[in-house]
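Novice: Structure incoming, see below.
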Amino acid sequence: MKFLCHIIALAFAVAAHAQGPPNILLIMVDDMGYSDLGCYGGEVRTPTLDALAADGVRLARFFNCAQCCPSRASLMSGLYPHQAGVGDMNEQGAANELWRRIGSASYLGFKKEGVVTLPESLREAGYQTFMAGKWHLGQDESCWPGQRGFDRHFALIGGASEHFTGYRSWQKKGPITKFVLNGKQVEKLPPDFYTTDTFTDHTLRFIEESDSARPWFGYLAFTAPHWPLQAHKSDVAKYAETYRAGPDAIRQRRFERLKQIGLIPDSATLPQLDATVTEEAKQAKSERNEQWIRNYAAMIDRVDQNLARIVEALRKRGQFDNTLILFLSDNGSDEVRGPLWGQVCNTPFRKFKVWVHDGGIASPLIAHWPAGIPSSQRGKIVTGPAHIMDVFPTCLDAAAAKHPATFAGHAVQPLEGASLLPALRGELATLPMDRPLFWERMGNEAMRQGHWKLVRGYGPAAENGGIATSGPRTGAWELYDTSTDPGETRNLAAQQSERVASLVSQHEAWARRIGVVPREEIVKRMQSNDKK
């Protein structure tokens, strides 16, 4: 049977090659939880994504880097974030005095030397490249998308904006934040501006104006459903009654649906609510938070509507079958709509964005490519762990392109990620389980190997569910068997002390190799600098 699957997959690979290299469309949303989409157990209306999943492949355990900048650095480089220079949220690079004093290149911003980006690699292989949406990998012009491999772009350079006005998200008046169109800063946005719609407009324009004789790589990075939670009224109206049952009921429904779909085992246990979610917190501001979750759902709904526009355009151009579409989120949902609803969005996992418990790092991944994925695989769920840094080699594999050893006169760091294409095509029954994967995010640390997950938070959750990163470390190492306990509900560290010690040793060696500065040391230096 395995031999037959291999022959079928090989036949599809030959057929796809006969059509020429595929177009590649990489779609990322911002701050969306694991189970928000319909095809991942959620109640948000996502018929376009559900159809792509039904005719493609879903990954059950796909992981990101817990926050915006690190995930994007890993996506664009095929490396761990620290290797790419994004060990923390530093958009100013060496101009940021505080991070300059940390004294490590792992924290000074997205590296220009020794890192080749995904569009740079694909452009070397003959691809046209374009992007629209959130960049968040450096404010300086030398870091903009046009300098990192994109032929054309309409980019929000920073991390967020008001969705209808383009103002900075923490301001209620102008001017607009920094948007760049093909290297020139935009002074005025269109009168009907809405981030999700406008980013799609530019993507469609780039596709329409591309040379049909050459393959293209497109990167569409939505800011939805990132704060501020702003949506079209017509979309919000669809969810007027959806969340009236309350977060506990919605969370339970998602949990049962995830079991039915096969994304979590029947043995899974729904985690207890975070300690910050007290009875008082459940009642406080419940009406406001319910409005926010309706807005949040409406924002995801609008993403799906816009993806329908793209699918239609690809069909009209005759490019749909030979376009590899990959859809993912940059991190888990945060706690801004209230920690209770935040945990609903991350069902069946614990915690939120920035944490490296799976609520912070688990993402959907949908892959759709009719010309390259056998029909026998369509609708399948691929198990085994994968990481956002695997997207880069997956795209190179699909394009039959190579990762250069040198670029712009500098030696290039080898890719840390591995291609997912064999698993997507069914050549592997599951993704390799023995490969260790590691995380460090503002002192929160984790690793996975096999079905074991080692994790610790830097400190306890704040009242709003956020993390505490400025005081002494108080979090202890925890250990979970994710094969039966994906929600990280039964800490086995005390019973498995030798295993914990072995995994901790591996994590420490990894941290030294990629340049992690211990958070305790960063806190010490930050506090020292504050006094100067």
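The values are calculated or read from the model by the stated rules, or taken from the named source; none is laboratory data. Worth saying up front: this structure is predicted, and the values here are computed from it rather than measured. For neighbour counting, all protein chains shown are included, and Cβ atoms are generated from backbone atoms with ideal geometry for every residue, glycine included. Protein only, heavy atoms only, side chains kept; ligands, DNA and RNA dropped before computing areas. Shrake-Rupley method; radii C 1.70, N 1.55, O 1.52, S 1.80 Å.
Novice: Of a type in the set (G, A, S) and out of contact with any Phe, Trp or Tyr (no Cβ under 7 Å at 6 or more places or on another chain): which single residue out of G359, G372, G332, G379 fits that description?
Specialist: Details: G359 fails: out of contact with any Phe, Trp or Tyr (no Cβ under 7 Å at 6 or more places or on another chain); G372 fails: out of contact with any Phe, Trp or Tyr (no Cβ under 7 Å at 6 or more places or on another chain); G332 fails: out of contact with any Phe, Trp or Tyr (no Cβ under 7 Å at 6 or more places or on another chain).
Criteria check complete, one pass: G379.
Novice: Among the residues of the stretch 382-412, count how many are touching a residue at least 24 places away in the same chain (Cβ under 8 Å), in a strand (DSSP E or B) and exposed (fewer than 15 other Cβ atoms within 10 Å of the Cβ).
Specialist: Going through the stretch 382-412 one residue at a time, the tally reaches 2.
Novice: Is the stretch 478-485 home to any residue that is of a type in the set (A, V, I, L, M, F, W, C) and open to solvent by 60 Å² or more (accessible area, probe 1.4 Å)? Even if it seems obvious, please write down each step before you answer.
Specialist: Initial filter on the stretch 478-485 (of a type in the set (A, V, I, L, M, F, W, C)): 479.
Retained after the next criterion (residues that are open to solvent by 60 Å² or more (accessible area, probe 1.4 Å)): none.
No, the stretch 478-485 contains no residue that is of a type in the set (A, V, I, L, M, F, W, C) and open to solvent by 60 Å² or more (accessible area, probe 1.4 Å).
Novice: Within the stretch 140-164, can you find the residues that are in a loop (DSSP other than H, G, I, E, B) and either aliphatic (A, V, I, L, M) or open to solvent by 40 Å² or more (accessible area, probe 1.4 Å) (or both)? Outline the logic, then answer.
Specialist: To start, the set of residues in the stretch 140-164 that are in a loop (DSSP other than H, G, I, E, B) comprises 140, 144, 148-151, 157-164.
Of everything in the stretch 140-164, those that are in a loop (DSSP other than H, G, I, E, B) and either aliphatic (A, V, I, L, M) or open to solvent by 40 Å² or more (accessible area, probe 1.4 Å) (or both) turn out to be D140, D151, I157, A160, F164.
Novice: Given the stretch 282-372, what helices (runs of 4 or more DSSP H) lie entirely inside it while holding 2 or more residues that are open to solvent by 10 Å² or more (accessible area, probe 1.4 Å)? Before you say what the answer is, go through the steps one by one.
Specialist: Values: elements: 286-316, 339-345, 358-361.
Where helices (runs of 4 or more DSSP H) fall fully within the stretch 282-372 and carry at least 2 residues being open to solvent by 10 Å² or more (accessible area, probe 1.4 Å), they are 286-316, 339-345.
Novice: What pairs can you find where one residue is in the stretch 307-322 and in contact (Cβ under 8 Å) with a residue 40 or more places away in the chain and closer than 17 Å to R214 by Cβ, the other is open to solvent by less than 70 Å² (accessible area, probe 1.4 Å) and not in a loop (DSSP other than H, G, I, E, B), and their Cβ atoms are less than 6 Å apart, with a gap of 6+ or different chains?
Specialist: If the second residue must be open to solvent by less than 70 Å² (accessible area, probe 1.4 Å) and not in a loop (DSSP other than H, G, I, E, B), the pairs left are L314/T323; Q319/N23.
Novice: Something else: Pick from the stretch 165-222 the residues that are touching a Ser or Thr at 6+ places or on another chain (Cβ under 8 Å) and among the β-branched types (V, I, T): which of them is most open to solvent (accessible area, probe 1.4 Å)?
Specialist: Looking at the filtered set, the residue picked out is I176.
Novice: If you don't mind, another one. Regarding the stretch 114-125, can at least one residue be identified that is out of contact with any strand residue (DSSP E or B) (no Cβ under 7 Å at 6 or more places or on another chain) and surrounded by fewer than 21 Cβ atoms within 10 Å (Cβ to Cβ)? Break it down stepwise before answering.
Specialist: Step one: list which residues in the stretch 114-125 are out of contact with any strand residue (DSSP E or B) (no Cβ under 7 Å at 6 or more places or on another chain), which gives 115, 117-118, 121, 124-125.
Checking the rest, the ones that are also surrounded by fewer than 21 Cβ atoms within 10 Å (Cβ to Cβ) come to 124-125.
Looking through the stretch 114-125, at least one residue is out of contact with any strand residue (DSSP E or B) (no Cβ under 7 Å at 6 or more places or on another chain) and surrounded by fewer than 21 Cβ atoms within 10 Å (Cβ to Cβ).
Novice: For the stretch 432-457, which positions are more than 19 Å from the chain's Cα centre (by Cα) and open to solvent by less than 10 Å² (accessible area, probe 1.4 Å)?
Specialist: Residues satisfying the conditions are G443, K453, L454, V455, G457.
Novice: Further question: Which one is surrounded by the most Cβ atoms within 10 Å (Cβ to Cβ), of the residues in the stretch 231-248 that are of a type in the set (G, A, S) and at pLDDT 95 or above? So that I can check it myself, show each step before the final result.
Specialist: At the first step, the residues of the stretch 231-248 found to be of a type in the set (G, A, S) are 231, 234, 237, 240, 245-246.
Checking which are at pLDDT 95 or above leaves us with 231, 234, 237, 240.
Working: A231: 25, S234: 10, A237: 11, A240: 9.
This residue is A231.
To keep it simple, each residue is scored yes or no on (1) touching a strand residue (DSSP E or B) at 6+ places or on another chain (Cβ under 9 Å); (2) farther than 26 Å from P265 by Cβ; (3) assigned to a loop (DSSP other than H, G, I, E, B); (4) in contact (Cβ under 8 Å) with a residue 12 or more places away in the chain.
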site: K453; (1), (2), (3), (4): yes, no, no, yes
site: G459; (1), (2), (3), (4): yes, yes, yes, yes
site: A476; (1), (2), (3), (4): yes, yes, yes, yes
site: L492; (1), (2), (3), (4): yes, no, yes, yes
site: L503; (1), (2), (3), (4): yes, no, no, yes
site: W510; (1), (2), (3), (4): yes, yes, no, yes
site: R513; (1), (2), (3), (4): no, yes, no, no
site: R525; (1), (2), (3), (4): no, yes, no, yes
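Novice: Taking the stretch 247-277 as the search range and keeping residues that are out of contact with any strand residue (DSSP E or B) (no Cβ under 7 Å at 6 or more places or on another chain) and among the small types (G, A, S), which one is nearest to E488 (Cα to Cα)?
Specialist: Here the answer is A268.
Novice: R72 passes all but one of (1) within 14 Å of G138 (Cα to Cα); (2) modelled with pLDDT under 95; which number fails?
Specialist: Of everything listed in (1) within 14 Å of G138 (Cα to Cα); (2) modelled with pLDDT under 95, R72 misses just condition (2).
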